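K.L.:
Shown below is the structure under consideration.
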Amino acid sequence: MPSPEQSAADHIAPHALAAQPRLEARFRNRPLLVFLDYDGTLCPIVSRPEDAQLAPSMREALAHLAARHRVGVVSGRSLADLRARVGLSDLWYAGNHGFEWTMPPSPTVHREAGEAHLAALAAVAAQLGTALAGIRGVILEDKRYSLSIHYRLVAAGEVDTVIGAVHAAAAGRPELRVRGGKCVVEVLPSIDWHKGRAVRRLVEAAALPGAVPIFIGDDVTDEDAFRELSGDGVGVLVSAEPRPTDAGYRLRDVGEVERFLRWLASLAGGIRA
C-alpha cells in the first residue's frame with residue numbers, strides 16, 4: 001500500500017499473485033472480510049449493463065470462499081439487480097454505491113441517508129430522458145438512489161453532449177452530485193457517502209476481532225474503498241495495465257480475480273471452517 005509520504009499519483013501497485021507469500025503471512029489464521037465490485041471485477045465490462053453475467057466458475061469461487069470467510073459485493077448497481085445476478089444467498093450485498101445494503105441471514109434492507117434525495121433524482125431522470133432521447137447508444141439507468149448514464153455505445157462526437165446534458169440536468173441541485181467512471185456518468189445524492197464508507201459500515205457490522213478487510217475493484221469509484229482500507233485492510237485494483245492507485249496490489253483481469261479468490265479460500269483460518 002502507499003506509504004504516508006506517497007499518494008495515488010505516484011504509487012503503482014505490485015501484482016497480487018506474485019505477492020502471495022507476503023499476503024499469506026498477513027492473512028493466515030485470521031478471518032477475512034472480502035468485498036468485491038461487480039462489473040470489471042467479477043465479470044468483464046460489456047457494452048450493455050444488462051449483458052454482464054457472472055460466469056459459473058466465478059460463482060463457484062465466491063461460494064467456496066464464502067464457506068470459509070465473509071464475502072460481500074459492493075456495486076453501483078441496484079441492490080435487487082446485484083443480488084439477482086450473483087445469486088448467492090449467503091453473501092452480503094451493497095447496491096447503489098452502498099446506499100442500500102443487506103447482510104444475511106437477516107432479510108432487512110438497510111438504507112443510508114438517500115431517501116430525502118429521491119424526488120430530485122427522479123426529476124433529473126425525467127429531464128435526461130428527454131434531453132438524451134435523440135442520441136443513439138446512450139443508456140439511462142435509473143436505480144432510484146442513483147442514476148447511471150452509460151455512453152460506451154455513443155458515437156465519439158456525441159460523448160461530450162451526453163456528459164454536458166447530465167451536468168446541466170443536475171445544475172442548480174446542490175443536493176445532488178455528478179461523478180464519472182468507465183464510460184459512465186453518475187448522479188448521486190450529495191452526501192458524504194461512497195463505497196469506502198459502505199465497506200467500513202459492513203466491516204463494523206461484522207464485528208470480527210482481528211479480521212482483515214479486503215476490497216477488490218477496477219473503477220475510479222473503487223478508489224474510495226482503497227483509501228478507506230489503507231490503514232487496516234488491503235485494496236486490490238483490477239487493471240490490465242499498471243496505473244496510479246490507492247490500492248496496495250493489482251490483478252490484471254477477471255480471470256486473475258477468480259484465481260485470487262480460490263487462493264484466499266485455500267488459506268488456513270476463517271470463521272466457517
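Just so you know, all these numbers are worked out from the coordinates, no wet-lab data involved. For clarity, every value in this text was computed on a predicted model and none was experimentally measured. Neighbour counts are summed over all protein chains in view; Cβ atoms, including those assigned to glycine, are modelled from backbone coordinates with ideal geometry.
K.L.:
Exposed loop sites here are trypsin sites (Lys or Arg not before Pro) in DSSP loop states with at most 14 other C-beta atoms within 10 Å. What is the longest stretch of the chain lacking them? Walk me through the numbers before you get to the answer.
P.N.:
Numbers: sites that count: Arg28, Arg136, Lys182, Arg272.
In short, 29-135.
K.L.:
Remind me, relative contact order of the chain in percent, using alpha carbon pairs under 8 angstrom and six or more residues apart? The partial results should precede the final answer.
P.N.:
Details: 517 pairs, mean separation 75.9, N = 273.
Normalised by residue count, the contact order of the chain is 28 percent.
K.L.:
With both bridge residues required to lie in the stretch 19-173, what share of the DSSP beta bridges run antiparallel, to the nearest 5%? Show your work: numbers first, answer last.
P.N.:
Details: 9 of 17 bridges.
Bridges in the stretch 19-173 that DSSP calls antiparallel: roughly 55 percent.
K.L.:
What percent does the relative contact order of the stretch 115-189 come to when contacts are Cα pairs within less than 8 Å and at least six residues apart? Don't jump to the answer; show the numbers that get you there.
P.N.:
Details: 114 pairs, mean separation 24.8, N = 75.
Value for the stretch 115-189: 33 percent.
K.L.:
OK, next. Counting helices only, and only those DSSP H runs with n ≥ 4, report the 222 nm mean residue ellipticity of the chain as the sum of -39,500 (n - 2.57) divided by its residues, in deg cm²/dmol to the nearest 500.
P.N.:
Details: 8 runs with 84 residues, N = 273.
The helix contribution divided over the chain gives -9000 deg cm²/dmol.
K.L.:
Percent of Cα-Cα pairs per 5 Å bin, from 0 to the last occupied bin, for the stretch 115-189, please list those.
P.N.:
3, 18, 33, 26, 14, 5, 1, 0
K.L.:
How far is the Cα center of the stretch 12-79 from the Cα center of the stretch 242-267, in Å?
P.N.:
Going from one Cα centre to the other spans 8 Å.
K.L.:
A further question follows. Provide the FRET efficiency to the nearest 0.05 for the His64-Ala119 pair, computing r from the beta carbons and using R0 = 35 Å. Intermediate results must be reported in sequence, preceding the final value.
P.N.:
Numbers: r = 43 Å, r/R0 = 1.24.
The value I calculate is 0.20.
K.L.:
Ok, one more. Please compute the net charge surrounding Leu54, taking Lys and Arg as +1 and Asp and Glu as -1 over other residues with Cβ under 14 Å from its Cβ. Display every interim value, and only then the final one.
P.N.:
On the way: positive: Arg59, Arg77, Arg83, Arg85; negative: Asp37, Asp39, Glu50, Asp51, Glu60, Asp81, Glu258.
Local charge sum for Leu54: -3.
K.L.:
Show me the three semi-axes of the equivalent ellipsoid for the stretch 184-273, from the C-alpha gyration tensor (sqrt of 5 times each eigenvalue), largest first, rounded to whole Å. If you can, show how the numbers build up before the last one.
P.N.:
Details: eigenvalues 103, 77, 23 Å².
Square roots of five times the eigenvalues give 23, 20, 11 Å.
K.L.:
What is the order of Val234, Val199, fewest Cβ neighbours within 10 Å to most? Before the final figure, lay out each step's value.
P.N.:
Values: Val234 23, Val199 28.
Least crowded to most crowded, the residues run Val234, Val199.
K.L.:
Placing one identical point scatterer on every Cα of the chain and ignoring solvent, what is log10 I(q)/I(0) from the Debye formula at q = 0.12 Å⁻¹?
P.N.:
For the chain, the Cα-only Debye profile gives -0.73.
K.L.:
Taking neighbour counts of Cβ atoms within 10 Å as a proxy for exposure, in what order, fewest first, do Cys43, Cys183 appear? Walk me through the numbers on the way to the answer.
P.N.:
Working: Cys43 18, Cys183 14.
Ranking Cys43, Cys183 by Cβ neighbours within 10 Å, fewest first, gives Cys183, Cys43.
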